[in-house]
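Here is the structure we will look at.
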Amino acid sequence: MGVAIAFYTLAALILGFGVLVVMARNTVHSILFLVADFLCIAALYVLQGAQFLAVIQVVVYAGGIVVLYLFVVMLVDLKRPGEAHRDRRRRGRLGVICALVVLAELLLIVVYRYVSPAAAMEPVRAMGPDNVALVGMALYQDYLVPFELASVLLLVAMVGAIVLARREL
């Protein structure tokens with residue numbers, strides 16, 4: 001009963017901090033809410049018995065990624081007025097089309113997960129003292145492509161921030 005109360009409390013905090021990240025007017029406050037959100041997610045990992053993931057969550061996300069976000073916020077002047085002209089190189093329609101394609105892919109994944117009997121019968125891996133090995137095996141066998149895509153996405157975001165900051169110099 002206590003575990004369920006802790007789980008639902010952490011889930012409510014995660015959702016609340018997520019909303020505050022989006023709704024905060026000050027970008028630094030938004031990043032601080034993001035840190036609180038990451039720490040609540042780490043507490044949720046501890047509650048589920050995945051201490052290694054909790055430590056990685058704190059070190060990588062609440063430490064490294066948030067510092068990167070703060071670096072980008074400090075580099076990009078967010079108080080400057082918006083651009084007066086429309087850039088002809090922007091492809092708004094292409095962005096909407098790409099977003100719709102990604103949404104369709106996500107919906108197909110969800111439908112496949114609930115329709116396919118083979119996908120529903122995956123064996124559940126028990127977490128225990130060797131959960132570090134299980135996380136490594138899952139990360140580099142089952143989820144290698146999403147892991148690499150996330151690293152490429154972070155690289156593109158960092159290059160984009162540098163390009164935005166460089167334009168002002």
*asked:* I need every pair where a residue in segment 100-117 that is charged (D, E, K, R) has its Cβ under 7 Å from the Cβ of a residue that is at pLDDT below 85, sequence separation at least 6 or different chains.
replied: ARG113/ALA119
*asked:* If ILE56 meets every condition in (1) farther than 24 Å from SER151 by Cα; (2) surrounded by 13 or more Cβ atoms within 10 Å (Cβ to Cβ); (3) not small (Gly, Ala, Ser) apart from one, which number is that one?
replied: (1)
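The values are calculated or read from the model by the stated rules, or taken from the named source; none is laboratory data. Keep in mind that this is a model prediction, so the values were computed, not measured. Reconstructed Cβ throughout: ideal geometry from the backbone, glycine too, with neighbour counts over all protein chains shown.
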